[in-house]
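So the structure is just underneath, and the comments pick up after that.
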Amino acid sequence: MSGPVYLLDEQMEFPSVEDAADEEGLVAVGGNLTIPRLLEAYRKGIFPWYEDGFPLLWWSPAPRMVLYPEKMKVSKSLRASLNNSQITVKFDHNFKEVINQCARVPRPWQHGTWITEDMKQAYNRFHKEGYAHSVETYFNHELVGGLYGVSLGKMFFGESMFHLKPDASKVALYYLCKALKSWDFHLIDSQVETGHMKRMGGELMDRRQFLQKLETALSYPTKRGSWNFNE
């Protein structure tokens, strides 16, 4: 059953995600991208996603695509890339360039990018506050792929990834999963269903189960600050 779309002002809290307008999960319109607003959103299973020229839109899709860190699938080609001595991976070394590169990824289903200048600025602030993180793949010391997302409690909310060489974003995801497993993280939120994430081991989860998993994950302290992972 469809519910109303809430128009937020600067102070209004988000409604329950159970009131999302449809299965795509549009929850609210408006508000801002301040750190308190973003924290409130992620804690409720909501994320911003919109394009330039449109209002700020907040989503909580159902079902939700998720990836358990221990269930990532590694193909033969990815295994070869992981064994390439010219490839190195770093965490939180160049967040700004990762989000810039993600914004340049062409998406056939939309014009422009949902990673607007306002989004870039907001998530760079989020990174400086220790909540947003990047994982970067380098080939001969040149950035060729990576991803970024948000960490709260034992949940990692994946936002976007890019690659300039084959498998470069998958290498970053592999090392993210490896780190999250070692830190006892419960789940990676991949937001919406994509064929790419399904091939990597992603699976669909209904909204109620996702919110239960989120509540449990948020009962743990947040691993805040700059991340570093050594095998």
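How many residues are modelled with pLDDT under 95, crowded, with 19+ Cβ neighbours inside 10 Å and part of a helix (DSSP H, G or I) if we restrict to the range 172-213?
Residues flagged as modelled with pLDDT under 95, crowded, with 19+ Cβ neighbours inside 10 Å and part of a helix (DSSP H, G or I) within the range 172-213 amount to 1.
For the range 86-107, which positions are at pLDDT below 95 and exposed (fewer than 13 other Cβ atoms within 10 Å of the Cβ)?
104, 106, 107 - these are the residues of the range 86-107 that are at pLDDT below 95 and exposed (fewer than 13 other Cβ atoms within 10 Å of the Cβ).
Which of (1) of a type outside the set (S, T, N, Q); (2) crowded, with 16+ Cβ neighbours inside 10 Å; (3) within 18 Å of residue 190 (Cα to Cα); (4) modelled with pLDDT of 95 or more does residue 17 not meet, given it meets every other one?
Only one criterion in (1) of a type outside the set (S, T, N, Q); (2) crowded, with 16+ Cβ neighbours inside 10 Å; (3) within 18 Å of residue 190 (Cα to Cα); (4) modelled with pLDDT of 95 or more is unmet by residue 17, namely (4).
Conditions (1) in the same structural domain as residue 103 (by TED's automatic domain parsing); (2) in contact with a Pro (Cβ under 8 Å, 6 or more places away or on another chain); (3) among the aliphatic types (A, V, I, L, M); (4) under 15 Å from residue 101 (Cβ atoms), marked per residue:
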residue	(1), (2), (3), (4)
145	yes, no, no, yes
166	yes, no, no, no
193	yes, yes, no, no
227	no, no, no, no
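Every residue in the range 138-154 that is of a type in the set (Ser, Thr, Tyr) and under 17 Å from the mean Cα position of the chain (by Cα), please.
Matches in the range 138-154: 148, 151.
Let me spell it out: the conditions are (1) more than 30 Å from residue 208 (Cα to Cα); (2) outside the structural domain of residue 18 (by TED's automatic domain parsing); (3) part of a loop (DSSP other than H, G, I, E, B), and residue 130 meets all of them except one. Which number is the exception?
Against the list (1) more than 30 Å from residue 208 (Cα to Cα); (2) outside the structural domain of residue 18 (by TED's automatic domain parsing); (3) part of a loop (DSSP other than H, G, I, E, B), residue 130 comes up short only on (1).
The values are calculated or read from the model by the stated rules, or taken from the named source; none is laboratory data. Treat the numbers as computed from the prediction; the structure is a model and nothing was measured. Positions of Cβ are backbone-derived with ideal geometry, glycine not excepted, and every protein chain shown enters the neighbour counts.
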